[in-house]
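**Student:** Before anything else, here's the structure in question.
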Amino acid sequence: MEYGRFIVLEGGEGAGKSSAMKMLEAYLPRENTVFTREPGGTPLAQKIRQMLLQEAVEGAHTNVIEEPIEISPLTHFALFWAARRAHVEEIIAPALKAGRNVVCDRFDASTWAYQIWGQEQPELIPLFRMMREHFVIRDARPYLYVYLDVEPEVGIARTKRRGIENEFDKKTIEFYKRVQRGYREFLGSYPCRSIDANRPEPEVSLDVLEVVMSALA
Ligand code: Z5A
């Protein structure tokens, strides 16, 4: 059987990936497409997500206010890869092998952009390459990255209007400018379609739909 194709949506804060994912889910055939996201996608990866983002847990019945946990950049890096390995092993690789296409909201380019550039950890580059080539990507090589390129000021203004915060939403504009530089550098080396995400939501989502449909045709 022919392998499915693996499409990854990437972008900084408020780029519109979730909105584009909704449009893709509405228009792509569900029987041969898996929609997923990182960090998350499996029960283990979802637990790691909660630790990493320190988001409010939906449906939690507790009045205990927990102090945010300090997580070092190296621990962040390791936890994102641990969650990714579970995701690849349990969801992405089996789907591709069965001939289904996979569309994922964030993948390894996020680790490059946020941990190496955003958190300024260039010494992790050799470890990143090793994880990418030998540990994860050998089973789940992205066919195409679709990068929603938004100016940090524009993206942050959007998420502030939305009002929900996780640990990454509290970062500075300089952090997101580094993230943008990191994305542009990383995606220059891999198959990528870049979309101007500073435009109105329907235009951005429609462009993503068009690019993804032609990649899967
Ligand atoms: N992270 C990491 O550090 N390392 C890794 O390896 C991985 C992830 C995999 C995941 O957070 C965080 O984990 C992320 C990076 C880090 N942190 N940040 N930032 P998440 O999954 O909770 O969130 P996200 O992926 O970043 O989602 P986001 O900030 O919401 O971005 P988005 O999905 O691209 O945006 P959206 O939800 O579609 O839109 C945000 C709001 O803007 C919403 O109210 C929309 O209605 C509005 N919007 C969207 N597009 C437009 C346009 N074009 N015009 C006007 N308004 C718009």
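**Student:** Using a/c under 1.5 as the rounded threshold, could you call region 6-216 rounded, prolate or oblate? The axes a ≥ b ≥ c are square roots of the C-alpha gyration tensor eigenvalues, and prolate needs a/b larger than b/c, oblate otherwise.
**Tutor:** Rounded, since a/c falls under 1.5.
**Student:** Once amide H atoms are placed 1.01 Å from N in the peptide plane, what residues at a sequence separation of 5 or more from ASP105, or on another chain, have their amide H within under 5 Å of its amide H?
**Tutor:** LEU9, THR36, ARG37, GLU38
**Student:** Taking a point 7 angstrom from the Cα of GLN50 along the C-beta vector, which residues in region 151-195 have backbone N less than 19 Å away?
**Tutor:** 165-168
**Student:** Then there's this: Fewest to most neighbouring Cβ within 10 Å: what's the order for PHE168, PHE107?
**Tutor:** By the 10 Å Cβ count, ascending, the order reads PHE168, PHE107.
**Student:** Let me ask another. Please go through region 1-60 and write out the GluC sites (Glu not before Pro) that DSSP classes as loop and that have at most 11 other C-beta atoms within 10 Å.
**Tutor:** Of the GluC sites (Glu not before Pro), the ones in loops of region 1-60 whose Cβ has at most 11 other Cβ atoms within 10 Å are GLU2, GLU58.
**Student:** If amide hydrogens are placed 1.01 Å from N in the peptide plane, which non-local residues have theirs closer than 5 Å to the one on SER194?
**Tutor:** TYR147
**Student:** Lys and Arg at +1, Asp and Glu at -1: add these up for the other residues within a Cβ distance under 15 Å of SER194 and post the number.
**Tutor:** Net local charge, SER194 excluded: -3.
**Student:** Right, here's the next one. Add +1 for every Lys or Arg and -1 for every Asp or Glu among the other residues with Cβ under 9 Å from the Cβ of SER18, and state the total.
**Tutor:** Taking every other residue near SER18 into account, the sum is +2.
**Student:** If you don't mind, there's one more thing I want to ask. With r as the distance between the Cβ atoms of GLU167 and GLU89 and R0 = 25 Å, compute the FRET efficiency 1/(1 + (r/R0)^6) and round to 0.05.
**Tutor:** It comes to 0.45.
**Student:** Let me ask you something else. Please go through region 109-181 and write out the GluC sites (Glu not before Pro) that DSSP classes as loop and that have at most 16 other C-beta atoms within 10 Å.
**Tutor:** GLU120, GLU165
**Student:** Among DSSP beta bridges lying fully in the chain, give the percent that are antiparallel, nearest 5.
**Tutor:** Of the beta bridges lying entirely in the chain, close to 0 percent run antiparallel.
**Student:** For VAL179, VAL34, what ranking results if the residue with the fewest other Cβ atoms within 10 Å of its Cβ goes first?
**Tutor:** VAL34, VAL179
FYI, it's all coordinate maths here, none of it is from the lab. Every value quoted in this text rests on a predicted model; they were computed, and no experiment measured them. Note: ideal-geometry Cβ built from the backbone for every residue, glycine included; neighbour counts use all protein chains shown.
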